[in-house]
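J.: To start, I am sharing the structure in question, which I have written as structure tokens.
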Amino acid sequence: MVSDKHQNKKTEIFSKLYNKKGHNVQKSIQTEVQIITKKEKVLWMELGISTIRKEKKIIGFSIISRDITD
């Protein structure tokens, strides 16, 4: 689960990848977020998020994550 202080970052990221007007839409983005595991351990994750398109419409997202916690 994304930590409370990074919740607004989710909206920011997906609005860059997808907007209803379709202008200046990015196809992929890379970001770092802090998550909290079920056992309440804090981890830093790097996310690579890409859109999946069919006939110029976004039909999904591909998200690849990796633990970058020191």
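J.: Normalised by the number of residues in the chain, what is the relative contact order in percent for Cα pairs under 8 Å and 6+ residues apart?
T.: This gives 24 percent for the chain.
J.: Any idea what the dipole of the chain comes to, in debye rounded to 20, about its Cα centre with Lys/Arg Cβ at +1 and Asp/Glu Cβ at -1?
T.: The calculated dipole for the chain is roughly 500 debye.
J.: Okay, next question. On C-alpha positions alone, give me the angle between the axis of helix 7-17 and the longest principal axis of the chain, in degrees, nearest 10.
T.: Here the helix axis deviates by roughly 30 degrees.
J.: Which net charge results when you count Lys and Arg as +1 and Asp and Glu as -1 among the other residues whose beta-carbon is under 15 Å from that of Asn8?
T.: +1
J.: Summing Lys, Arg as +1 and Asp, Glu as -1, what charge do residues with Cβ under 9 Å from the Cβ of Ile68 carry, Ile68 excluded?
T.: -3
J.: Which one, (1) 1.01; (2) 1.03; (3) 0.97, gives Rg/Rh (Cα atoms, Kirkwood Rh) as derived from the coordinates shown?
T.: Answer label, from the structure shown: (2).
J.: Pairs Lys10/Lys54; Lys5/Lys57; Lys16/Lys38; Lys9/Lys57: which exceed 26 Å Cα-Cα?
T.: In this structure, Lys5/Lys57; Lys16/Lys38 exceed 26 Å between Cα atoms.
J.: Shifting gears a bit: Pick from Glu12, Glu32, Glu55 the residue whose mean-square fluctuation is largest in a GNM of the chain, springs joining Cα atoms under 10 Å.
T.: Of Glu12, Glu32, Glu55, the Gaussian network model singles out Glu55 as fluctuating most.
J.: Rolling a 1.4 Å sphere over the protein heavy atoms, what is the accessible area per residue of the chain, to the nearest Å²?
T.: Averaged over the residues of the chain, the accessible area is 83 Å².
The values are calculated or read from the model by the stated rules, or taken from the named source; none is laboratory data. Since this is a predicted model, take the numbers as computed values, not measurements. Cβ coordinates were reconstructed from backbone atoms using ideal geometry, including for glycine residues, and neighbour counts include every protein chain displayed. Keep in mind that these areas ignore ligands, DNA and RNA; they rest on the heavy atoms of the full protein, side chains included. Shrake-Rupley method; radii C 1.70, N 1.55, O 1.52, S 1.80 Å.
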